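The values are calculated or read from the model by the stated rules, or taken from the named source; none is laboratory data. Note that the structure is a prediction, hence the values are computed from the model and not measured. Neighbour counts are summed over all protein chains in view; Cβ atoms, including those assigned to glycine, are modelled from backbone coordinates with ideal geometry.
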Amino acid sequence: MVKKRVIGIGETVLDILFKDNQPLKAVPGGSTLNSIVSLGRAGVACAMVTEVGCDLIGDITCRFMKENGVSLEYVCRYPNVKSNISLAFLDENNEAQYLFYKDHESASMNVKLPLMKEDDIVLFGSYFAINPAYRPVVGKLLHQAHKAGAWLYYDVNFRNNHIGDLPEVMPNIVENMDLADVVRGSVEDFYNIYQLNEGDEIYARVSPHCRILILTNGSEPVRVYTPTKCQTYPVKSIKTISTVGAGDNFNAGYIYATMQGQNEQAARIAVAQQWSQDVCRQIGNNISNELVTLIKKGNSNPMV
């Protein structure tokens, strides 16, 4: 599979990280953006389909994307609209609890859209990918990408604060899985959707829609389900500084390994875990300068 470009579809926010009720760092984020920026830092051709406000936060976000190799061609900026803000409070285990502040009037996606091609990878997920306000645009893009033969990676990332919306958005979740080549989600995501936490039962619900499921569960082993087997990959124990962006960079590492021609799931998961754990060792949403240097030197193979 030769793929040349990754297109992310998702929201942008300014993440402000707190520890012991004190701010530590502010950095542009959003689930898909975190993945795309790390891929851009690794030298992958990337673009984001998103929107930001015409304010100082929007300026910071756009500059950050550009500095990290992410195209701004499909970024829509709205006059008189405030950019989104997320507050992430790290607990004693450095797990984050979030508060979101959004200007909902911005939900129109009046933006130039990419022409999807066979050699594209499309990364999408979180509530943005199922939000009824965005669905006409997002759904159209996903169907175009699927028809063109692009490779679609769906990160479910369904948080419990949206459980009340589930009856309305469930058809969009199902449609996303139908269109995806890979579905990735946590046990918590699928418990929020199906009230199930057993992997085999979860795959039984996903498999009629998508043949490949990557199931994560924090520090527990990663499971990759296909129609013929379930493969299990242990997670290395590390000391974490922050878990913000861990799952997003798992996605980015998996996609990067796929683009590098790694056809075995073990190799893809190894890179995914390497990128995820690199982010957990720092305060930030993206892979470190040290890992970027190793990648560009070709010395970052975690299987060695």
task = Filter region 1-34 down to residues that are of a type in the set (S, T, N, Q) and either under 23 Å from Ala148 (Cα atoms) or in a strand (DSSP E or B) (or both), then give me how many there are.
result = 2
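Yes or no, residue by residue, for (1) modelled with pLDDT of 90 or more; (2) of a type in the set (Ser, Thr, Tyr); (3) surrounded by 16 or more Cβ atoms within 10 Å (Cβ to Cβ):
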{"site": "Glu105", "(1), (2), (3)": "no, no, no"}
{"site": "Leu115", "(1), (2), (3)": "yes, no, no"}
{"site": "Asp119", "(1), (2), (3)": "yes, no, no"}
{"site": "Leu123", "(1), (2), (3)": "yes, no, yes"}
{"site": "Phe128", "(1), (2), (3)": "yes, no, yes"}
{"site": "Arg135", "(1), (2), (3)": "yes, no, yes"}
{"site": "Lys140", "(1), (2), (3)": "yes, no, no"}
{"site": "Ala145", "(1), (2), (3)": "yes, no, yes"}
{"site": "Tyr154", "(1), (2), (3)": "yes, yes, yes"}
ask   = Going by the structure shown, is Leu99 over 13 Å from Thr50 (Cβ atoms) and part of a helix (DSSP H, G or I)?
value = no
task = Sort through Ala257, Ala267 and tell me the only one that's more than 25 Å from Thr61 (Cβ to Cβ), at pLDDT 95 or above and over 19 Å from the mean Cα position of the chain (by Cα).
result = Ala267
Criterion (over 30 Å from Gln144 (Cα atoms) and crowded, with 17+ Cβ neighbours inside 10 Å) met by exactly one of Ser186, Ser242 = Ser242
query = Do you know which residues across region 197-208 are surrounded by fewer than 16 Cβ atoms within 10 Å (Cβ to Cβ) and either outside any helix (DSSP H, G or I) or under 18 Å from the mean Cα position of the chain (by Cα) (or both)?
reply = Asn197, Glu198, Pro208
remark   = Taking region 134-157 and keeping only residues that are touching a Gly at 6+ places or on another chain (Cβ under 6 Å) and either in contact (Cβ under 8 Å) with a residue 60 or more places away in the chain or among the hydrophobic types (A, V, I, L, M, F, W, C) (or both), one is left with Asp155, Val156, Asn157
note = Note on region 35-59: residues surrounded by fewer than 17 Cβ atoms within 10 Å (Cβ to Cβ) and either in contact with a His (Cβ under 7 Å, 6 or more places away or on another chain) or not in a strand (DSSP E or B) (or both) are Gly43, Cys54, Leu56, Asp59
ask   = Here are some residues: Ile214, Ile255, Ile238. Which one is over 19 Å from Tyr191 (Cβ atoms), β-branched (Val, Ile, Thr) and without any contact (Cβ under 8 Å) to a residue 60 or more places away in the chain?
value = Ile238
note = Selection from region 271-295 of residues over 17 Å from Val44 (Cα atoms), surrounded by fewer than 22 Cβ atoms within 10 Å (Cβ to Cβ) and aliphatic (A, V, I, L, M) yields Ile283
Residue check, Ile283 touching a strand residue (DSSP E or B) at 6+ places or on another chain (Cβ under 7 Å) and either of a type in the set (A, V, I, L, M) or assigned to a loop (DSSP other than H, G, I, E, B) (or both) = yes
ask   = With (1) over 29 Å from Lys297 (Cβ atoms); (2) in a helix (DSSP H, G or I); (3) aliphatic (A, V, I, L, M) as the list, and Val81 as the residue in question, which single condition is left unmet?
value = (2)
